[in-house]
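Below is one structure, written out as structure tokens; the observations come after it.
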Amino acid sequence: MRIDVVTIFPDYLAPLDLSLIGKARRDGLLDVHVHDLRDFAHDRHRSVDDTPYGGGAGMVMKPQPWAEALQHVGGSGPQGARPRLVVPGPGGMPFTQALAGELAEEPWLTFACGRYEGIDERVYDYAADELGLEVSVVSLGDYVLNGGEVAVLAMVEAVARLLPGVIGNAESLVEESHEDGLLEYPVYTKPAAWESAPGHIREVPPVLLSGDHGAIANWRHQQRLERTAARRPDLLHSSHAGAVLADFDLATATPADVPELLTLSRACWVTEARANGTLDIPPLLETLEEVAAGIAAWTTWTMRAGGRLVGSVRARVAPDDDSLWQIGRLMVAPDLQGRGLGRALLAFGEAQAPPGTAAYWLNTGARSDRNLRIYRKAGYRVRPGVGSIPGTVDLTKPRR
């Protein structure tokens, strides 16, 4: 694979000479060229930026140096060959493991490192229309960097390590984080029992010492599901959520479930009352008749273990906006919390949304910090203003 990088800070790319990427370059598996954008500026100051039209802070990178640089790079390859142009930027598509795999199939990539307020928008059109390049604007994450160089270092490493021969043991790529939408399982090495402090022994899970490869594989897969549910519930596909919930019986609630739903609600919302400093919370005040009315107005799912009701979630099309899927009463029995079950139930509830749903909507206490952290990790964001119930906030998440 050939990689070209255009930047105003060529030295920033020096780490590409190190470690496995550097070895891949020396072994001829990766051909990397770094170009200084200022070499294509023709004034005595070698300037590559100017003030933005329309006003505003910061500077914008000028089109002329970029046009010449991309023309130079595009003309330096084999006759008729064209690179795929990747421009790191916070306004682009997310950089994922799947995208890294896609880029690894390309024979030639060119990265354009923007700086300041970014590159003049006309450069993207020029690259596509006049140079015939496929242009991809890619975001490393939901944050802003000073320039594209850090993102290029990360992307090149993620892509190059997928090339045949770069990683010594190709099997190590199979079960890595994100390869199939799940995070990697926890790993351990010798000693089997480690004394981290006097009298405090930390042991490797016994299944890893059993020699039972089937049991080990099952344990690792379950750990991946639980870790993903706990740390990145936004990654959970409904089928993954189903795997987390596989040991439980899920069913649509009926009137016979009302007494247990009332009991579970009161057990789960005590902590919410403490966090928000009030007992004036509907799940703590509802009567049996009101819980029954909720089953009629919402689709409610129950989660049971050995016949015991241990969790529930409900959802419906929002009454005032049929593009919103409203999720509520997400609860897991206190003794089972912390295992990712609530996150899996949330993903399950989202998966039940009908076609045409544009976003998910839920509500929680304004001071329910634990809930807010969980929902933010799942991709939800707080709506401005007060919540639909006094003392609460509303959160929404676009449907992908």
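From the list 74, 56, exactly one residue is buried (at least 19 other Cβ atoms within 10 Å of the Cβ) and touching a residue at least 40 places away in the same chain (Cβ under 8 Å). Which is it? Explain how you work it out, then say what you get.
On the way: 56 fails: buried (at least 19 other Cβ atoms within 10 Å of the Cβ).
Answer to the selection: 74.
It is to be established whether one or more residues within the range 314-325 are of a type outside the set (Asp, Glu), in contact with a Leu (Cβ under 7 Å, 6 or more places away or on another chain), touching a residue at least 40 places away in the same chain (Cβ under 8 Å) and not in a strand (DSSP E or B). Scanning the range 314-325 turns up at least one residue that is of a type outside the set (Asp, Glu), in contact with a Leu (Cβ under 7 Å, 6 or more places away or on another chain), touching a residue at least 40 places away in the same chain (Cβ under 8 Å) and not in a strand (DSSP E or B).
Does residue 339 satisfy the criteria of being closer than 25 Å to residue 382 by Cα and at pLDDT 95 or above?
Details: closer than 25 Å to residue 382 by Cα: yes; at pLDDT 95 or above: no.
So residue 339 fails the test.
Looking across the range 85-127 at every residue that is of a type in the set (Ser, Thr, Tyr) and touching a strand residue (DSSP E or B) at 6+ places or on another chain (Cβ under 8 Å), the one that is surrounded by the most Cβ atoms within 10 Å (Cβ to Cβ) is identified as 110. Of all residues in the range 195-207, those that are in a helix (DSSP H, G or I) have Cβ atoms under 7 Å from Cβ atoms of residues that are modelled with pLDDT under 95 and surrounded by 10 or more Cβ atoms within 10 Å (Cβ to Cβ), 6 or more apart or on another chain, in 207/215; 207/216; 207/219. Residue count for the range 132-170 satisfying the condition of being surrounded by fewer than 15 Cβ atoms within 10 Å (Cβ to Cβ) and touching a Cys at 6+ places or on another chain (Cβ under 8 Å): 0. If we keep just the residues of the range 232-266 that are among the aliphatic types (A, V, I, L, M), part of a helix (DSSP H, G or I) and closer than 30 Å to residue 183 by Cβ, which is modelled with the highest pLDDT? If we take residues in the range 232-266 being among the aliphatic types (A, V, I, L, M), part of a helix (DSSP H, G or I) and closer than 30 Å to residue 183 by Cβ, then 264 is modelled with the highest pLDDT. Once the range 355-400 is narrowed to residues that are closer than 16 Å to residue 319 by Cα and of a type in the set (S, T, N, Q), the residue that is surrounded by the fewest Cβ atoms within 10 Å (Cβ to Cβ) is 388. In this entry, residue 77 is excluded by the filter for residues that are assigned to a loop (DSSP other than H, G, I, E, B), among the small types (Gly, Ala, Ser) and in contact with a helix residue (DSSP H, G or I) (Cβ under 9 Å, 6 or more places away or on another chain).
When residue 306 is tested against (1) touching a Ser or Thr at 6+ places or on another chain (Cβ under 8 Å); (2) free of Cβ contacts under 8 Å to residues at least 24 places away in the same chain; (3) over 25 Å from residue 279 (Cα atoms), just one condition goes unmet, and that condition is (1).
The values are calculated or read from the model by the stated rules, or taken from the named source; none is laboratory data. Predicted, not measured: the structure shown is a model, and the values here were computed from it. Cβ atoms come from the backbone with ideal geometry, glycine included; neighbour counts cover every protein chain shown.
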